[in-house]
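Below is one structure; the comments refer to it alone.
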Amino acid sequence: MGININKRINIRRCSSEDRLNWDQYLLEHSHGNFYQHYDWRGINERNFRHECYYLIAEENNRLVGLFPLVFIKSKLFGKILTSMPFVNFGGLCSDSEEINALLVKELTKITKQCNADYLEIRTLNSVSDNLPTSLHKISMTLDLNPDSDIIWNGFKSKHRTNIRRVYKKNVYVKQGHLELLDDFYTLISKSWKNLGTPIYKKSYFEDILNTFPDKTKIFIAYLDDKPIATAFNGYYKDIVEGMWAGSLPEYRSLQPNYVLYWEMIKDSCENGYKHFHLGRSTSDTGAETFKKKWNAYPKQLYWQYILNNQSDIPQLNVTNAKFKLAIKIWKKLPLSVTTLIGPLIARSIP
């Protein structure tokens, strides 16, 4: 049932019948992004059993705004509404600030009705100046060119030398899809364990690949025949989204990411993409420093909050001191254990 917030605009929860209109609106809107795609709803429901609130705003039966939202209920971390969990960002998409305000008003109602601790909006563009906001996350963005040589020649000579050095060590890269999933999952599981981060089930990544067969791709760097580094990318409009990446710590000194990233950048140029989001990063970290070597620049991400059962912006991240011991213990567990119990924890960490 719709909620008539004012005389012109109606906000309601959408159904599968709205899917085509939802995705067409995103495709045509300048602020529409990959993580707002309607099919993420099914992925989150199937793999995590999370309830989803997908809201649309209509004016004269014409879609003028949307907001994908996932409700995570966890005994460990509380009740959290997020857009979007497990990926780089999400947020709302609308035709005006007025519609933004109406959607935020409705989201406030939902937060109270669900008795959620808070609602977190992860977005490329600030939704409201009146919401508590964290600016600790950035998206390192590289502008591409159809001629990859122009990108190559724009690198510092030392950076080009580093890339050539890794090629000379017999590192090469394969790109593909489901056929590379096993190698990808092995690498990402070991990499995340080394970081102290719980991993998702392999079936989650498989579902994403099956749901978006023409919008996803896996890259893997090999030394001889051994997989040593990997990345999982999304492709939407003219943007490449670096979603997940990892490498084996014992090959860190070899620096396979130099070849891995260059192969991904070159492929993106050749396929006509204009921008590459090199994954979400925390400001002033080693990840940001590495991505700057590719001439990527920081694009601010906005973490904005509707607080309900707490008064301060939440600190559910690896830099929080209260998680230090858990992370330290996790790193020491056998891989067989972390891949078994990791998905049970990861589903609750947005």
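Applying the set (1) more than 21 Å from residue 86 (Cβ to Cβ); (2) surrounded by 12 or more Cβ atoms within 10 Å (Cβ to Cβ); (3) outside the structural domain of residue 194 (by TED's automatic domain parsing); (4) not aromatic (Phe, Trp, Tyr) to residue 293 leaves exactly one unmet item: (3). The requirement of being farther than 20 Å from residue 88 by Cβ, assigned to a helix (DSSP H, G or I) and among the aromatic types (Phe, Trp, Tyr) is not satisfied by residue 222.
Summed over region 226-281, residues that are under 19 Å from the mean Cα position of the chain (by Cα), of a type in the set (Phe, Trp, Tyr) and not in a loop (DSSP other than H, G, I, E, B) total 6.
Suppose the filter is surrounded by fewer than 16 Cβ atoms within 10 Å (Cβ to Cβ), farther than 26 Å from residue 237 by Cα, in contact with a helix residue (DSSP H, G or I) (Cβ under 9 Å, 6 or more places away or on another chain) and not assigned by TED's automatic domain parsing to the domain that holds residue 199; does residue 327 pass it? Yes, satisfied. Considering every residue within region 305-326, establish whether at least one is in contact (Cβ under 8 Å) with a residue 40 or more places away in the chain, aromatic (Phe, Trp, Tyr) and within 18 Å of residue 136 (Cβ to Cβ). Scanning region 305-326 turns up at least one residue that is in contact (Cβ under 8 Å) with a residue 40 or more places away in the chain, aromatic (Phe, Trp, Tyr) and within 18 Å of residue 136 (Cβ to Cβ). One residue stands out in region 224-266 among those that are farther than 11 Å from residue 279 by Cβ and hydroxyl-bearing (Ser, Thr, Tyr): the one that is surrounded by the fewest Cβ atoms within 10 Å (Cβ to Cβ), namely 253.
Among the criteria (1) of a type in the set (Phe, Trp, Tyr); (2) in a helix (DSSP H, G or I); (3) farther than 16 Å from residue 258 by Cβ, the one residue 200 does not fulfil is (2).
Residue under question is residue 138, and the condition is that it be assigned to a strand (DSSP E or B), among the β-branched types (Val, Ile, Thr) and surrounded by 14 or more Cβ atoms within 10 Å (Cβ to Cβ); does it hold? Please lay out each step first, then the result.
Details: assigned to a strand (DSSP E or B): yes; among the β-branched types (Val, Ile, Thr): yes; surrounded by 14 or more Cβ atoms within 10 Å (Cβ to Cβ): yes.
Taking the combined requirement at face value, the residue satisfies it.
Do we have any residue at all in region 280-303 that's under 30 Å from residue 117 (Cα atoms) and aliphatic (A, V, I, L, M)? The answer is yes, given that some residue of region 280-303 is under 30 Å from residue 117 (Cα atoms) and aliphatic (A, V, I, L, M). Scanning region 105-135 for residues being among the polar types (S, T, N, Q) and surrounded by 18 or more Cβ atoms within 10 Å (Cβ to Cβ) gives a total of 2.
Can you tell me which residue within region 167-193, out of those that are part of a helix (DSSP H, G or I) and among the aromatic types (Phe, Trp, Tyr), is surrounded by the fewest Cβ atoms within 10 Å (Cβ to Cβ)? Top of the filtered list is 167.
The values are calculated or read from the model by the stated rules, or taken from the named source; none is laboratory data. What you are looking at is a predicted structure, and each value in this text was computed from that prediction instead of being measured. In this analysis, Cβ positions are derived from the backbone assuming ideal geometry, glycine residues included, and neighbour counts consider all displayed protein chains.
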